[in-house]
Amino acid sequence: MKIRLGLSGVKDTLAVLESVAKEFEEFECIPFLHTTEDELLEQLISNDHRVDMWLFSGKMIYKVKDEASITTPSFYVSYTGSSLYRTLYIILNEKSWTVDQLSFDIIDLQELKQVFEEIGVTPENILLCEETQRVDSIVDYHEKLWAQGKTVAAVTCIWGVKRELEKRGIPVFRVIPTKSSVRSTLYTALRTYEMLRFREMQTAVQFIELNLEKEIQKDYFSPYEMHNAELKLFQKLLDYAMQLQGSLKSMGNGRFAIFTTRGMLTDKTTDFQRIPDLPSVDFLVQEKATIGIGVGLTAYNAEVLAGKALAHAKHFKTGSWFAMTEDGGVIGPIGEKEQVVLRSSAPHLEQIAKDTGLSEITLHRLEEAMRTYGVREVNAYELAEYMQIIPRSARRILSALEEAHYATCVSYDKMTDRGRPRKKYKIDIAAGKERP
């Protein structure tokens, strides 16, 4: 089965996305053309169920997915310095202008400097807009410089900015993503999809604990009556197990286990945020069943985690639902407004955060990205791609790690004949590392 990939962009960028995506036989492409942000928002809300992943033609429109509450895996194409070459060629050769007469936006400053160095120009002052979120502010930046006579034209990565500047009679050139940038992003999307599919197929175990004495409703009862009550509960749970496409097992004394997959349980519980909205679950709520869910790489591991989650639920209160994942995270009580997500402690990250000045969240994302893609050596551009951040932020992270001796420059990647080599770092932030 092919991956349904939603492509989102304006006319020129969407054409680039489509042409490159067709190279990948794994994707079934569904293009969505928009001209306004409101149109894009409506497209996302109305069509999210039709796609498995989204690819946006730029970071600015990528952010609209948050407003649309889209949780489907999403990616955007970065505007790297290489995207500028074609545009600069036209400006410098056909117009005979200099880069000092141009204003820019979105492109990272260091990448901009590198592009100028590679084409052999040394501007006295680079006019780069720092605003990256609001179209109107970016338009005002370009217009102000042009009105003051400091520029003869604007170079923008945003279609909306180009359209507005043209309305105001200001010369403007549009930068669109390169095919290589799109191709690189699609490779990342493929790797992420494979990781998520593996994650969905992980074993999930749900331990259910019910009060048998309540079922019998008398002070004295025989083992036969206890067994009969358990059989009745087993029958009621069968429908629920079937809806989870799982198997049901009685563990005795009012305890039951359902074996299924992580993907099925996260779907039914909206990633462990709510109790499944199923008729077969009603009696579990009515009977105040206490439930623990475990997700692990093996059935044994999942059972162990389900037992720990059940202990958390019983400690909280009867009738609670808790889940525990393979990384030691505890989520619960499921279905209640006030929910906590407890993560296992990572003292090695706490120490690295103190040594480097980076946040534990940043370090956790870095560790996750490197684990996901199975790498230990990266340059800034690769790290930016893995963590979905801008290269400038990636360089800052690598610099902080190198200064604190958690990263070491091991080689240089030569990207072009004239380009400056990119440093490749070996990162070591594993638990137990001894700092020099």
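The values are calculated or read from the model by the stated rules, or taken from the named source; none is laboratory data. All of these numbers come straight from a predicted model, not from anything done at the bench. Ideal geometry is used to build each Cβ from the backbone, glycine not excepted, and the neighbour counts take in all protein chains shown.
Details
- On the stretch given as the stretch 264-292, residues that are part of a helix (DSSP H, G or I) and more than 15 Å from Gln245 (Cα to Cα) total 6.
- Check on Leu278, crowded, with 23+ Cβ neighbours inside 10 Å and in the same structural domain as Leu244 (by TED's automatic domain parsing): no
- Cβ-Cβ under 6 Å pairs, at least 6 apart or on other chains, the stretch 1-26 side assigned by TED's automatic domain parsing to the domain that holds Phe56, far side of a type in the set (S, T, N, Q): Gly9/Ser57; Thr13/Ser57; Leu17/Ser57
- Looking only at the stretch 52-69, and only at residues there that are of a type in the set (A, V, I, L, M) and touching a residue at least 40 places away in the same chain (Cβ under 8 Å), the one that is surrounded by the fewest Cβ atoms within 10 Å (Cβ to Cβ): Met53
- Condition met for Phe198 (in a loop (DSSP other than H, G, I, E, B) and either at pLDDT below 85 or more than 24 Å from Phe322 (Cα to Cα) (or both)): no
- Of residues in the stretch 102-119 being in contact (Cβ under 8 Å) with a residue 40 or more places away in the chain and of a type outside the set (Asp, Glu), the one farthest from Glu143 (Cα to Cα): Gln114
- There is at least one residue in the stretch 90-104 that is exposed (fewer than 14 other Cβ atoms within 10 Å of the Cβ) and outside any helix (DSSP H, G or I).
- Failed condition for Thr356, given (1) of a type in the set (Ser, Thr, Tyr); (2) modelled with pLDDT of 85 or more; (3) within 27 Å of Ala241 (Cβ to Cβ): (3)
- Scan the stretch 111-142 for residues that are among the basic types (Lys, Arg) and either assigned by TED's automatic domain parsing to the domain that holds Gly58 or surrounded by 14 or more Cβ atoms within 10 Å (Cβ to Cβ) (or both) and the total you get is 1.
- Residue pairs meeting the criteria (Cβ under 7 Å; at least 6 apart or on separate chains; first within 22 Å of Thr80 (Cα to Cα), in the stretch 156-170; second among the β-branched types (Val, Ile, Thr) and part of a helix (DSSP H, G or I)): Ile158/Val135; Ile158/Ile138; Gly160/Val135; Val161/Val135; Val161/Ile138; Val161/Val139
- In the stretch 297-320, the qualifying residues are those that are touching a Ser or Thr at 6+ places or on another chain (Cβ under 8 Å), outside any helix (DSSP H, G or I) and of a type outside the set (Val, Ile, Thr), and the one that is farthest from Phe256 (Cα to Cα) is Leu297.
- Answer residue from the stretch 143-182, given it is surrounded by fewer than 16 Cβ atoms within 10 Å (Cβ to Cβ) and among the charged types (D, E, K, R) and is farthest from Glu67 (Cα to Cα) among those: Lys150
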